Amino acid sequence: MIIAVASGKGGTGKTTVASSLALVAAEKGEVWFLDCDVEEPNGHIMLKPHWHRKETVRVPVPEINREKCTLCGRCAEVCAFHALVVLPQEVMLFPTMCHSCGGCWHLCPAGAISPGWREIGRVEEGSSGKIGFVHGRLNVGEAISPPLIQAVKKRIRPGVLNIVDAPPGTSCPVIRAVEGADFCLLVTEPTPFGLHDLKLAYEMATQLGVPCGVAVNRSDGNDDPVRQFCHTNNVPLLFQLLQDREVARGYARGIPAVEVRPEWKEHFSALLAFLEKEGYARCAK
Amino acid sequence: MKVAVCAQDNHIDARVDPRFGRCPYFIVVDLDSGNWEGVQNTGTQSSGGAGVQTAQLLVNRGVNVVLVDRIGPNAIEVLGRAGIQVYGGIHGTVSQSLESYRQGKLTILSRANSPSHGGMGRG
Ligand code: SF4
Ligand code: SF4
C-alpha cells in the first residue's frame, strides 16, 4: 500500500505527521518512508536513518556538435522551455531549464544535436530502526524535480506499507509524488489559509483519482471550517493533533510528535486500522 | 548601430517598461539614420524563460545595444555572449532614455539586477 502525505503548503507539520505514522506502522510490520520533497528533504532530520546506498540521478540534455551545427536557429524555435539560444557564433544551452523532451535532437536538420547526460541530484537509501528510508536530494540551482521524485518512487516496495512524503504545494512535483498512491493523507492547519490550501490539495488528489482523508495539525480545538469542508465533500476527518508547545519544540529539534507524546500513537494506529478496514490496504498482502 | 529600449507602448515617446523579459514592446532605433521601429516582444507570452526568449529576439534583430531598467541573469548572459551591450536603470520615456544614452549618462550593466524568473518555483 502507498500512502501519500501532502499539504497544500509548507509549514503544516506534515513531516512530523508522516514520520510519526512511519514509527507507529513499524511497530506492526515492514514500512518504507520515501521523502519526495527533493528540494528540501527533512524526513531524515526526524527519522535519522543510517545510510546504506547512494545513487546519482541523471537526465538527458542536448549536446551540440559545433562542427555540424549550421546555426539555423531551429532548436531555439522548437524548445518550448527556452533552454536553447542560437547566437551568431554558437548555440547556448541553459541546462537547468531543459525538460529533456528530446525535441531539439529529433528536429535539428543538421543532425548536430545528440542526447548527453547531466546529473540533477541523488537518491539516498538507508534505514531507521525497522523503517526503510529513501530520499532524493536535488542539486543546488536545479529547477526541475520530477525526474528525481520518480527515481525515489522507483524504490517503492510492493506488498508492504510505503509512506510517500510529498513536497508542499499543488504543482508538478506534488502531482508526481501523489499520483499512483492508494490513499492521500492531507495535513492541514485550522486557519483560513490552511483551509484554502486544503481545498487545492484535495482537488489535486481527487483529479488524480486518489482517495483522501484529512488530519488537522496544531488544532486549537476550533476546527469547524475544516469539519464543514470534510462534511460537504464527504472526506473523512481522521484525527486532530492539538497545538502543543512540547511537540513544537520537539519538531524544531528533529523529534517526531509521537516520541514527544506517545499517547498520540493511538491516532496513527486508528488511521492504519481505518485504511485496513476500508480496503485501501488491498495491495498490502 | 541599433539600440533597443524596453517600452510599454509601440512609440518613440512611450514610457519605458522596467521589465526586460516582460515588456510588451522594444523600440529599436538606428542611430545612424535616426529611424525607429517598434518590435512586439513575443517572449512575454511564455510561462518560463521569457528573458531568454526575449534576448533571442534581440539577437535575431541584430541589435548592438539594449537599454533596460532591470534584467535577469539568463537574459544578460545571452546578450553578453552575443556581444550586445546592456545599459541599466532607465526611466521616463524611450526618447529620454536614448538622450541619456547619447550623453553617456547611463551605466553599463555587467551583471543581472533582477532575480531569475526561469524554471518552476516551489509551490
Ligand atoms: S537546430 Fe541544429 S543546426 Fe540548427 S542551430 Fe540548432 S544545433 Fe545548430
Ligand atoms: S531536450 Fe527539449 S527542453 Fe531540452 S533543450 Fe531540447 S527541446 Fe529544449
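What follows is calculated from the coordinates using simple rules that are stated; it is not laboratory data. Fair warning: this is a prediction, and the values are worked out from it, not measured in the lab. Heads up, the Cβs are rebuilt from the backbone with ideal geometry, glycines too, and the neighbour counts pull from every protein chain shown.
As a footprinting exposure proxy, order A:C104, A:C72 by other Cβ within 10 Å, with the fewest listed first.
In increasing order of surrounding Cβ atoms, one gets A:C72, A:C104.
Show the residues, 5+ positions off or on another chain, whose built amide H is closer than 5 Å to the amide H of A:I144.
none
Going by how many other Cβ atoms sit within 10 Å of their own, how do A:H50, A:H267 line up, fewest first?
Working: A:H50 9, A:H267 20.
Result, fewest neighbours first: A:H50, A:H267.
Taking each residue in A:165-175, count the Cβ atoms of any other chain within 10 Å of its Cβ, then average. What number comes out?
Mean number of neighbouring Cβ atoms from other chains: 2.
Please work out whether the stretch A:66-111 counts as rounded, prolate or oblate from its C-alpha gyration tensor, where a ≥ b ≥ c are the square roots of the eigenvalues and a/c under 1.5 means rounded, while otherwise a/b larger than b/c means prolate and anything else oblate?
Working: a/c = 1.90, a/b = 1.33, b/c = 1.43.
Since a/c reaches 1.5 but b/c is at least a/b, the shape of the stretch A:66-111 is classed as oblate.
On C-alpha positions alone, give me the angle between the axis of helix A:192-207 and the longest principal axis of chain A, in degrees, nearest 10.
Tilt of helix A:192-207: around 70 degrees.
If you take the beta carbon distance between A:K54 and B:R15 as r and set R0 to 60 Å, what does 1/(1 + (r/R0)^6) give as a FRET efficiency, to the nearest 0.05? Please list the in-between numbers first.
Working: r = 54 Å, r/R0 = 0.90.
The formula returns an efficiency of 0.65 here.
Considering every residue in B:54-62, what mean count of other chain Cβ atoms within 10 Å of its Cβ is obtained?
Taking all residues of B:54-62 together, the mean is 3.
Would you please classify the overall shape of the stretch A:1-103 from the alpha carbon gyration tensor, given that a ≥ b ≥ c denote the square roots of the eigenvalues, rounded means a/c under 1.5, and beyond that prolate means a/b larger than b/c while oblate covers the rest? Write out the running numbers ahead of the final one.
Numbers: a/c = 3.93, a/b = 2.92, b/c = 1.34.
It is prolate, given that a/c is not under 1.5 and a/b is the larger ratio.
Most exposed first by the Cβ proxy, i.e. fewest other Cβ within 10 Å, how do A:D220, A:D165 rank?
A:D220, A:D165
Give me the distance between the Cα centres of the stretch A:224-245 and the stretch A:155-188, rounded to whole Å.
20
Considering only DSSP beta bridges where both residues belong to chain A, give the percentage that are antiparallel (nearest 5).
Percentage antiparallel, nearest 5: 50.
Need one value for A:78-84: mean number of C-beta atoms belonging to other chains within 10 Å of its residues' C-beta atoms.
Details: counts 0, 3, 4, 9, 15, 6, 3.
Mean number of neighbouring Cβ atoms from other chains: 6.
Before rounding to the nearest 500, sum -39500 (n - 2.57) across all DSSP H runs of length at least 4 in chain A and divide by the residue total; then give [θ] at 222 nm in deg cm²/dmol.
-9000 deg cm²/dmol
Give a quick list of trypsin sites (Lys or Arg not before Pro) in the stretch A:22-60 that DSSP marks as loop, anything other than H, G, I, E or B, with at most 15 other Cβ atoms within 10 Å. Could you put the intermediate results ahead of the total?
On the way: sites: A:K28, A:R53, A:K54, A:R58; in loops: A:K28.
Here the sparse-neighbourhood loop sites are A:K28.
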